[in-house]
Amino acid sequence: MKIKAFIDSHLHLMGMGYYEEILNLSNAKSLAEIIELAKKSENEVIIGRGFNQDNLLEKRMPEAQDFQDIEKPLVLFRICGHVAIANQLMIDLIKEKSDILPISGGSFNLKTGLFTENALAYLYQALPKPTKKDLVRYIAKANKILLKNGITKVASDDFSSFDVPFEMVIEAYLEAIEQGLLDVEVTEQVNLPIKKFEEFCRKDYSNKKYHNFQMGPLKVLADGSLGGRTAALNEPYSDDLHNLGILTYTGSELYDLVKLATINNMDSVIHAIGDRAADQVIDTLIKVQKEMNVKSPNNAIIHAQVLNKIQIEKMKKHQIGAIVQPVFINSDIQIVKDRLGERRYESYLFKTMYENISLGFSTDCPVEAVNPFKNIYCSITRKSADKPEFDAYLPEEGFTMKEALKAYTDNNLRYVYSESQDDYLEIDRDIFAAENEELLSVSVLKTYKNGKIVYERKN
């Protein structure tokens, strides 16, 4: 069967390639298993990502003391990337590199080794920095993965993935293009703190285009993750009654970023998972639009998980879109009741959004697998592919196949700044006739970019 190639409107392309080279903890079922994997690492500093405490036998966050027998500095990032655990040797290394002081929009605990949100900067400063050659290698690896999955265009957040200058990231992309290592079209979601964003604009990088790599919208992280209990909520977490999550920016800081983007003819796409963060983002976007008398129809909230119908109606009125990840249901289906209580009945309202605002699909890879068919499966069934024992979550919010494909192709064009979508795929079955469960085993036979085969499955 022939279908349009997919567009992923929010992921971390360099992070995908990097993820191939560090400890993959996504299938870990216990702390003992994580420790065993860490002990096998030959790296001087052990870095892992992908654990989910809700999938562990112990049903708790790991702590520094769990890794006291690891004789190397170790840092493990939760699947969401918003929370990390460091062992004592890593904490000692951090202390050598910087003064660990309280930080707004984040937290740390030197006893347990828990770092969240903006405090992750202390970890990044202490970790080995990649070279430009490393970055080119990550791009090449991610390019192959994307083409294998039938994805030819992406919007990618790369500037925040490593503690390196944003110019180095741009140069790595240009070298990858020159070496013929990048077939995928990439729109960069510019994730920089205010001082660096000011420098980015001052050096006239905004809206620049280099062949199949171009600068796109401002990207901001307004809060954290639901699984890590750092998403900013208006009411406390139902399983942590003293916790409202974390707003990573003050209202004035977010306003300054969005206004500067608007001045430089850039849209804003802002990560907001909790309803409190969404209120802050929606109000900021509206305020900037009114003050500057500018309409930015490509402004969007990324994730938008804990948003109610009143907020969606406000987004509709002010032309604010959403970039969502139905595949998050795959992992979150086991925690929404505990985290949100009754609020779960008015969360993850992706179909309601589709019917009212501009909505596109993405995976946020490497947070979740980049496989579009797994994402489509979750959008249609509202079920978890990995935890089929759970009932469908708000099945009335399910998509049809036609709607899901539109959200993954035509709707996403506005978020990758592309005027056309003429790439296509050959897949191994008719997905309109297939049973829902079959979607999880769909295989891409060939991927075409501008009529040229850029991937072909080997038998």
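Quick note: the coordinates plus some simple rules give every number you see, no bench work behind them. These figures come from a predicted structure and were not determined experimentally. As a convention, Cβ positions derive from the backbone with ideal geometry for all residues, glycine included, and neighbour counts pool all protein chains shown.
The Cβ shell under 14 Å around LYS259 holds other residues with a net charge of -4, Lys and Arg each +1, Asp and Glu each -1.
Inter-part distance, the stretch 141-176 to the stretch 61-86, computed on C-alpha centroids, equals 26 Å.
Past 25 Å, Cα to Cα: identify those pairs from LYS374/LYS449; LYS133/LYS259; LYS259/LYS309, in the order given. Mind showing how you got there, number by number?
Numbers: LYS374/LYS449 22 Å; LYS133/LYS259 35 Å; LYS259/LYS309 27 Å.
LYS133/LYS259; LYS259/LYS309, as the Cα separations exceed 25 Å there.
Distances between every pair of Cα atoms in the stretch 223-270, grouped in 10 Å steps from 0 to the bin holding the largest one, split as 25, 37, 25, 11, 1 percent. Extension gain for ASP240-LYS259 works out to 3.3 nm (0.36 nm per residue, less the C-alpha to C-alpha distance). Scanning the chain for GluC sites (Glu not before Pro) that sit in a DSSP loop and have at most 13 other Cβ atoms within 10 Å, the longest stretch containing none of them is 72-388. Listed by chain and number, the aspartates and glutamates placed with their C-alpha closer than 12 angstrom to that of LYS316 are GLU355; residues fewer than eight positions away on the same chain are left out.
Phi-derived couplings, Karplus 6.51 cos²θ - 1.76 cosθ + 1.60 at θ = phi - 60°, listed residue by residue for the stretch 53-58: 4, 6, 9, 7, 4, 7 Hz, with x used for Gly and Pro.
Using the number of other C-beta atoms within 10 angstrom as an exposure proxy, rank HIS82, HIS211, HIS242 with the fewest first.
On the way: HIS82 27, HIS211 12, HIS242 6.
Neighbour counts put them in this order, fewest first: HIS242, HIS211, HIS82.
Take the Cα of ASP386, step 7 Å toward its Cβ, do the same at GLU33, and the gap between the two points is 1.0 nm. Excluding residues fewer than 8 places away in the same chain, name every one of the lysines whose C-alpha is closer than 20 Å to that of LYS129. Within the straight-line limit of under 20 Å, LYS129 reaches these lysines: LYS72, LYS95, LYS97, LYS141, LYS196.
Over all pairs of distinct alpha carbons, what does the Kirkwood formula give as the hydrodynamic radius of the chain, in Å? Before the final figure, lay out the partial values.
Values: mean 1/r = 0.0448 Å⁻¹.
Hydrodynamic radius (Kirkwood, Cα pairs) of the chain is 22.3 Å.
Residues in the stretch 382-389 carry Karplus couplings, in order, of 6, 10, 8, 5, 8, 10, x, 5 Hz; the curve used is 6.51 cos²θ - 1.76 cosθ + 1.60 with θ = phi - 60°, and Gly or Pro positions show x.
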